[in-house]
Every structure is written in C-alpha cells, then in structure tokens.
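To start, the structure under review is shown below, and the notes come after it.
The values are calculated or read from the model by the stated rules, or taken from the named source; none is laboratory data. Just so we're clear, the structure is a prediction, and the values are computed from it rather than from any experiment. Note: ideal-geometry Cβ built from the backbone for every residue, glycine included; neighbour counts use all protein chains shown.
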C-alpha cells in the first residue's frame, strides 16, 4: 500500500545533466512522480531537472551522503511547463558552441587545464564550466573574458578524471554504459591488490578504464573473493612428496581446488584445499606423502608389498603342470575350403 502523501518525506532527489543529482524540498506538496520535469531553486536563478527518487529512499540517500534535512535544502518551485522546456532547450543549444570557443581561449591563454563540459542554467543567465587539471589554475582572467564574450555569469568547477569520464560517457568492455555515467556517484579508491586477490592479470591495458585509472568494477566482487580466500591455504614453498616437489600453478578460489605440477612433469594435478593443508602439516612434521593424492606409506611396508607382488606374479606364471598350456593352432584356421566342381557336372 502507498503511504499517504501527507506523511511522505517531503524531499525529492532531482537529476540534472550527466547524472548529477541534488535534493530539493517539495514544500508546496506538488503532485509529482518519478520522471517529471520540475523547476527548482538555485543560487541567482532557477534550473530544470527530473525527479529521480521520492519517499523514504531519499532520506536514506541523504543520510548516506551526509546531507542534513534543514533549511539549507532548497525548494521545488513548480512543474516545468512547455514554455520552461522551450527556454531550457534554447540555453542548451548554446553549450556546444560555447565549449569550443572556450577551448580556443584556453589554448590562447596557455592555461594548464582541460575543459570537459559546459552546463547552462535553464534561465540562460549562468553557465558552469567543468574542467580537470593536475594542479591549481589561476583562471581569474579567463572568467572575465568568458563573462564579457558570452554575457553570462561564469562558474568554474574542477572535477577528477573519473568524474570527467562519467560526464563524457561511453561503453565499457562489458558492453554496457559506464557505471560512472549512469548510477555510480561515489568513487572509492581502487588498488592493484584488488586484482591480485581475484587472480587477474596485472595488465594495465585491461585493468584501466576510459578515465585511465583502475576500473571501479574491480571492487564490486572483492568482498566475495576475500571471504572465499579464507579457506584457501597460503603456499609459500613447494609441497614435498616422495615423488618430488610440487609447485603451485593455479587456484580455483570458489571450487577450492589448487593445481600443482612436479618439476619433471608438465601435467597439473588437481588437489583440494583441505588436502593441501594436510600435506603442509605432514611436511612440517618431516613426513612426505607418496603422491599429492595418496597418504604416506611406511618404507618397510612398501618393501613387503613389492616382494609379495613379485611372488604372486611368479605363482600365476608357473601355476599348473609345465606352466600355461599353449592353445593348439588349427592348421586349417584362416584357410577357405576349395570346392572343385566335377568335370561332368
């Protein structure tokens, strides 16, 4: 059952260009649903966005991002009308030409910065320029030049290379749209140890995303791998057996199977993780199993078994009188009978 509107959480999540999301209060109790365009209050004007989330989930999102539910949350003015949408379209049509012209100005002024995107406010009075740079950039003269040429208020906002890839967008190697341009908003630190725990090849070309950093998806299954690795023993030295030393070649973490290979053998032998632990315990005690699969057999028992097996073989060979009887070979075997017809027939 739906919660009555009078008891609903009155803050909604609004999505803007390139997945940027902010929270606004529905103080006027507007009848809005997810996907509706709304006019919201922004500093020195108004902007248009789309409702992306409502209800108690918004409260959880605000708690997760550390945003207080106080008077600092701006309000939603109204639902966007066709006139508001048309004026917004006119402002957005200027973004591409303004971005190209701004890049030319940046090259002329020789500023060490990379312009990524330009977002115009719905009322057309302000534009936000998103850029990335390795260090601090003195763009005071640039702001004066842009404000005088385009007749707008200018805001410069520095973003990281991950946020830059999210604003540009694209498709990943998985075939889906980039996570950073669709739903991912918090960028956590990704290290090469995440790839090592998952037995991935440390190839920068395969582990790096379009931003040039390690892929964020390396952290998605890391906790599952860490839990599975608790049952996998650490093999720092080869396993000692009576056949020889066996080195670790490969590990299947989820099936808990480890493959070992002898120094004089190119074949790999599958051994369970529990068996590997058992062999390690035997090696610590100075014992060696016969093979990776079979347990240790005492030396005197091995000699007795080999002698008995030889005697049994001799008994089978010379059992009976004169040994095994040879089968008589049929001299007609393999010959076809020759039936000659009589001359008178």
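Looking at the range 76-93 only, could you name the residues that are within 37 Å of the chain's Cα centre (by Cα) and part of a loop (DSSP other than H, G, I, E, B)? Listed by number, the list holds a single entry, 93. In the range 158-182, what residues are exposed (fewer than 13 other Cβ atoms within 10 Å of the Cβ) and at pLDDT below 85? Residue satisfying the conditions is 182 alone. Yes or no: residue 235 closer than 30 Å to residue 16 by Cα, in contact with a strand residue (DSSP E or B) (Cβ under 9 Å, 6 or more places away or on another chain) and surrounded by 14 or more Cβ atoms within 10 Å (Cβ to Cβ)? Taking the combined requirement at face value, the residue does not satisfy it. Checking each residue in the range 248-276 for being surrounded by fewer than 13 Cβ atoms within 10 Å (Cβ to Cβ) and under 23 Å from residue 230 (Cα atoms) picks out 249, 250, 254, 255, 274. Within the set 143, 105, the sole residue that is more than 25 Å from residue 45 (Cα to Cα), at pLDDT 90 or above and not assigned by TED's automatic domain parsing to the domain that holds residue 12 turns out to be 105. Scanning the range 58-69 for residues that are touching a residue at least 40 places away in the same chain (Cβ under 8 Å), outside the structural domain of residue 186 (by TED's automatic domain parsing), over 25 Å from residue 181 (Cβ atoms) and in a strand (DSSP E or B) turns up nothing. Taken over the range 17-36, the criterion of being at pLDDT 90 or above and under 21 Å from residue 185 (Cβ atoms) is satisfied by 22, 23, 24, 25, 34, 35. The set of residues in the range 99-126 that are touching a strand residue (DSSP E or B) at 6+ places or on another chain (Cβ under 8 Å), surrounded by 15 or more Cβ atoms within 10 Å (Cβ to Cβ) and assigned to a loop (DSSP other than H, G, I, E, B) comprises 113, 121, 122, 123.
Matching residues to (1) out of contact with any helix residue (DSSP H, G or I) (no Cβ under 6 Å at 6 or more places or on another chain); (2) without any contact (Cβ under 8 Å) to a residue 40 or more places away in the chain:
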| residue | (1), (2) |
| --- | --- |
| 181 | no, no |
| 187 | no, yes |
| 190 | no, yes |
| 193 | yes, yes |
| 196 | yes, yes |
| 201 | yes, yes |
| 206 | yes, yes |
| 221 | yes, yes |
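For the structure I just gave you, tell me whether residue 83 is loosely packed, with under 11 Cβ neighbours inside 10 Å, free of Cβ contacts under 8 Å to residues at least 12 places away in the same chain and over 30 Å from residue 13 (Cβ atoms). So residue 83 fails the test. Checking each residue in the range 12-35 for being more than 13 Å from residue 55 (Cα to Cα) and under 33 Å from the mean Cα position of the chain (by Cα) picks out 15, 16, 17, 18, 19, 20, 21, 22, 35. Please verify whether the range 6-13 includes one or more residues that are surrounded by fewer than 16 Cβ atoms within 10 Å (Cβ to Cβ) and closer than 30 Å to residue 152 by Cα. No, that holds for no residue.
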